[in-house]
Ligand code: MD6
Ligand code: FE
């Protein structure tokens, strides 16, 4: 199903969007808002660079002892961490011992507006995970279930290279469907779909050998 929702706008009054945004329904309570963040990509990338200058990207170790191919950092009150002891949220960056950088205002605004457009009013994320994918990076099928607040949706923003997103079911073995995510696409999911298995199967190349994909996922973790 495809819905029309109000488009996200940046703060400039003369760029107020007049067009609506296309929303593809992945399942109950789960939507891809096509191009929703398209007008804000440069500003978002600038804010990502600012966070990375304070809390550099790193490849976490999984509890099983493998290095993740996706490089990650965080901003917000809490950040997602993985090491031999498991997956969890923590208030400090283990690399520096310092608090995670604050969530930029542009991030909070986008996440709230996207959640609201998809039917989730008053989304107040306290965690933003920043993922960076090079061409060889993958994210295997997983559930996002380390958050204490499973009643809140997740808002996920794609920037940079396109990717093939896998959307499965509530059991690991359920059939998956492939969904192409382009820069500016925002996925919002919650409700009955909150614990759906998902992953990134591949990132699509470009002529620019240095190009990468970024993804921001906003959660209410605690
Ligand atoms: C990504 N996203 O798009 C990985 N998780 O790079 C996720 O793992 C994800 O997009 C929960 C909700 C939305 C997501
Ligand atoms: Fe996830």
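The values are calculated or read from the model by the stated rules, or taken from the named source; none is laboratory data. No experiment lies behind these values; they were computed from the predicted model shown. Here Cβ is always computed from backbone atoms with ideal geometry, including for glycine, and neighbour counts include all displayed protein chains.
When we screen 175, 148 for residues that are surrounded by fewer than 19 Cβ atoms within 10 Å (Cβ to Cβ), more than 9 Å from ligand 1 (Cβ to nearest atom) and at pLDDT 95 or above, the only hit is 175. I want to confirm something. Restricting to the range 40-56 and keeping residues that are touching a strand residue (DSSP E or B) at 6+ places or on another chain (Cβ under 7 Å) and farther than 13 Å from residue 216 by Cα, which single residue is surrounded by the fewest Cβ atoms within 10 Å (Cβ to Cβ)? Applying the filter and picking the extreme gives 56. Counting only residues that are away from ligand 1 (no atom under 12 Å from the Cβ), closer than 16 Å to residue 31 by Cα and either at pLDDT below 95 or not in a helix (DSSP H, G or I) (or both), the range 184-222 holds 1 of them. Residue count for the range 57-88 under the criterion of being out of contact with any helix residue (DSSP H, G or I) (no Cβ under 8 Å at 6 or more places or on another chain), surrounded by 14 or more Cβ atoms within 10 Å (Cβ to Cβ) and over 25 Å from residue 136 (Cβ atoms): the result is 3. When residue 193 is tested against the conditions (1) under 20 Å from residue 130 (Cβ atoms); (2) surrounded by 16 or more Cβ atoms within 10 Å (Cβ to Cβ), the lone failure is (1).
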